[in-house]
Amino acid sequence: MSELIFVTSNPHKVEEVKKIIANQYVLKGLKDLNFSEEIPETSNTIPGNAVQKATFIHDRFRQNCFAEDTGLEVDFLNGAPGVDTAMYAGPQRNANENMELLLHNLKNSDRREAQFRTVIALYLENQLHCFEGIVKGKIAKKKTGNGGFGYDPIFIPNGYNLSFAELDSEIKNKISHRGRAVNKLLAFLSNYNWTKNN
Ligand code: IMP
């Protein structure tokens, strides 16, 4: 069975994608490779960071791999926090502080439109492919719900009256930026014609 490295140190993300990829690929995270170095993320775009992470690991291990990067883009803030989403309120990457800062920066605005964007960069047989997943919605005026993570309590996807933190996780995974990008990756992999005997 073909082996794919998911460029993440987060075992939860590996398990999540493993469930979807099921029996088609042996999925390995960076922990499975005993790799714990910090990977540079110095691009000022989301696709740039995804490509940078995938390229770093591909150069090191010469194996098929993919990396993802996600950002929240708010129209009124001209696309911010964007690449700074994780560290919007500072390098401590605190979800609550990030949300409070965003609510503060939008407090006088009725323009609440925003989108989550995930880009997955895949190296397969030395070729680079990118997949994008977007979910559009709006930033609520206050936090609601206990589920999910990150900015979920203040993000209301279009077509729903509930925040991501209130929605059932199955629904969130189906319509989310990450879910959509992973599904594109999987569709590509299942139609891929291998040139080697993997
Ligand atoms: P990362 O690319 O997974 O590191 O995520 C970058 C930032 O986006 C972090 O602050 C995450 O908390 C946030 N983020 C990513 N995906 C989601 C999501 O599905 N819901 C809420 N916040 C998210």
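The values are calculated or read from the model by the stated rules, or taken from the named source; none is laboratory data. Predicted model only: the values in this text are computed from it and were never measured. Counting neighbours? That spans all protein chains shown, and the Cβs are built from the backbone with ideal geometry, glycine included.
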Within region 107-125, restricting attention to residues that are more than 15 Å from the ligand (Cβ to nearest atom) and touching a residue at least 24 places away in the same chain (Cβ under 8 Å), which residue is farthest from ILE46 (Cα to Cα)?
-> SER109
With respect to PHE76, determine if the residue is more than 9 Å from the ligand (Cβ to nearest atom), part of a helix (DSSP H, G or I) and either in contact with a Lys or Arg (Cβ under 7 Å, 6 or more places away or on another chain) or of a type in the set (Ser, Thr, Tyr) (or both).
-> yes
Qualifying residues in region 126-144 (those that are more than 14 Å from the ligand (Cβ to nearest atom) and of a type outside the set (D, E, K, R)) - the one nearest to ALA165 (Cα to Cα) = PHE131
Could you tell me whether region 161-169 includes any residue that is within 12 Å of the ligand (Cβ to nearest atom), under 26 Å from ASN146 (Cα atoms), assigned to a helix (DSSP H, G or I) and within 16 Å of the chain's Cα centre (by Cα)?
-> yes
Give the residue, chosen from LEU128, LEU103, LEU122, that is in a strand (DSSP E or B), at pLDDT 95 or above and over 17 Å from the mean Cα position of the chain (by Cα).
-> LEU128
Checked against (1) within 19 Å of the chain's Cα centre (by Cα); (2) without any contact (Cβ under 8 Å) to a residue 60 or more places away in the chain; (3) within 25 Å of SER169 (Cβ to Cβ), GLU97 satisfies every condition except (1)
Residue under evaluation ASN183, criteria (1) under 30 Å from ARG60 (Cα atoms); (2) modelled with pLDDT of 95 or more; (3) in contact with a Gly (Cβ under 9 Å, 6 or more places away or on another chain); (4) surrounded by fewer than 17 Cβ atoms within 10 Å (Cβ to Cβ), criterion not met | (2)
Any residue at all in region 31-38 that is touching a strand residue (DSSP E or B) at 6+ places or on another chain (Cβ under 9 Å), of a type in the set (A, V, I, L, M) and buried (at least 16 other Cβ atoms within 10 Å of the Cβ)?
-> no
Flagged pairs (Cβ under 9 angstrom, 6 or more apart or on separate chains; first in region 145-157, within 21 Å of LYS13 (Cβ to Cβ) and more than 6 Å from the ligand (Cβ to nearest atom); second among the hydroxyl-bearing types (Ser, Thr, Tyr) and modelled with pLDDT under 95) are GLY147/SER169; PRO157/SER176
Scan region 148-170 residue by residue and report those that are surrounded by fewer than 15 Cβ atoms within 10 Å (Cβ to Cβ) and modelled with pLDDT under 95.
-> PHE149, ASP168, SER169, GLU170
